[in-house]
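Notes follow the structure.
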Amino acid sequence: MPLYESTFIARPDISSQQVDGLAEQFREILTEAGGEIAKTEYWGLRSLAYRIKKNRKGHYYFMNIDAPPEAISAMEHTMRINEDVIRYLTVRVDEHDPNPAPLTQSRGRGRDGRGGRGGRWEGRRRDDDGEGRRREGDGERGERPARQDAAPAADASAKEAASETPASETPASETPVSEAPSSGESTADSGAEEKSDG
């Protein structure tokens, strides 16, 4: 007979005993149609990646099934009409994995069931090779060299051009602030006085 893996997600407001009852109901459907469930795993109440039918969490249940396709169709039909099942997925596989699912294995968590605040790179730098030493070619940068841009050269040529023009030819709008009249005269009046003197 073909081999299948089936996972269903039940509503979060039912108890884990009711989820086991759902799994038992699906087991009966499969055995009546000539199939069997090789292994079951209850993955617990987990958060969903997105809301499904106004639910943010769900009870996950996994089954390894050895059954004819008609039995799978009957089981999926029952899952489809059952209000407690919010999602299901059944996949045909070549062989069953005898190991427990990665979701059920703890990942080095503490006594309270929570992981530490650090992530994958906790306790080492990203440029380490995993053994605490740096990879070859990743030395310190050292001091940065001074920038060599074209902008300072453009400023120097502008200063030279400004020094060649006499003060009398400089328009009033380009007069530096330090040379502006301080006695309340406007720049237009001072420009008129310069023309009359010269």
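For segment 44-100, which GluC sites (Glu not before Pro) pass both filters: DSSP loop (anything but H, G, I, E, B) and at most 10 other C-beta atoms within 10 Å? Don't skip to the answer; put the middle values down first.
Values: sites: Glu70, Glu76, Glu83, Glu95; in loops: Glu83, Glu95.
Hits after loop and neighbour filter: Glu83, Glu95.
Can you sort Asp149, Asp84 so the residue with the fewest Cβ neighbours within 10 Å comes first? Display every interim value, and only then the final one.
Working: Asp149 8, Asp84 17.
In order of increasing Cβ crowding within 10 Å: Asp149, Asp84.
Read-outs: derived from the displayed coordinates by stated rules, not from any lab. Source: prediction; values computed, not measured. For neighbour counting, all protein chains shown are included, and Cβ atoms are generated from backbone atoms with ideal geometry for every residue, glycine included.
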